[in-house]
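The values are calculated or read from the model by the stated rules, or taken from the named source; none is laboratory data. Predicted, not measured: the structure shown is a model, and the values here were computed from it. With ideal geometry, Cβ positions are generated from the backbone for all residues, glycine too; neighbour counts draw on all protein chains shown.
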Ligand SMILES: [Zn+2]
């Protein structure tokens, strides 16, 4: 499997970082080094994106694995395009695939979790705590739990932009590229997300149903 | 600049321009927004990755590799199963063709198509590929 040809290719391009397109092409040709590099390159981002939706670290790791498997399967299906892009020095939108798949996988997981009545502990906790401290000030930890949960209630596009920016740490240009929107649009969604989040948290603090 | 435009810049720019800062200094609404959004964004952020999480994350490449190998094994199993099913159908069709004269003798009114055997042409390569595609795991499109 680990053919010498692709190993040599990796060495040849070692003076600069291999592009995702080159790594994808070499992975599809059976090069395990390219595969490992491709996973390592984006694994932090993927993990941070799915983390908000997961119950614990193991669940987040499981979601990350699922996102990668689906992205690699998408890469396999478009092998001819990938080979052409890599040869012509073009780029394959592997990172965008990965980001969008990770967001989908994570969101589906949250939906399934709700179906099985396994809401994240933070949600249950925050609701209990609001009641318990009705007359007192809500402390920082409680407010954080409430706010983090409210992020999951944001409308789809606002939530995607918000989590790519806050959890993924992407620039607005990168957010726009991943979601196929303009940078101005991404900024506008983020602004709306902040305002909506503020309303959701205020409603919860005042005991209103959100 | 309107207050809305100022708000957008406040939450999307790491270093707001001098014009924005000047506006905020004199506008109560924008000052309140700046303070509340800063707190909100701090509250919404997840804690940094723990050492335990980092250790788990380092196992991801090998986990993904295992997942891919499992998927490949499953696919080749499905392909083998489909091939065997095709071969069985083909055998049955050949057997039926051999029995046909005798069946015709016994029941002159029964026609072959009523027996429900697949067409012999099913074993052609293009049709087999179509069948295989239907068995492939369908992954969501990245688009
Ligand atoms: Zn203002």
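Things to note:
- Failed condition for residue A:169, given (1) buried (at least 19 other Cβ atoms within 10 Å of the Cβ); (2) in contact (Cβ under 8 Å) with a residue 60 or more places away in the chain: (1)
- Single residue of A:186, A:141, A:117 found to be closer than 23 Å to residue A:56 by Cβ and modelled with pLDDT of 80 or more: A:141
- Of the residues contained in the stretch A:186-198, none is found to be more than 10 Å from chain B (Cβ to nearest Cβ), over 23 Å from residue B:35 (Cβ atoms) and touching a helix residue (DSSP H, G or I) at 6+ places or on another chain (Cβ under 8 Å).
- Selection status of residue B:16, within 30 Å of residue A:194 (Cβ to Cβ), modelled with pLDDT under 95 and surrounded by 15 or more Cβ atoms within 10 Å (Cβ to Cβ): yes
- Residue within the stretch B:38-53 that is over 17 Å from residue A:54 (Cβ atoms), more than 8 Å from chain A (Cβ to nearest Cβ) and within 16 Å of the ligand (Cβ to nearest atom) present: yes
- Residue-level analysis places residue B:84 outside the set of residues that are at pLDDT 95 or above, more than 14 Å from the ligand (Cβ to nearest atom) and assigned to a helix (DSSP H, G or I).
- The stretch B:1-16, subset under 25 Å from residue A:168 (Cα atoms) and away from chain A (no Cβ under 11 Å), residue farthest from the ligand (Cβ to nearest atom): B:15
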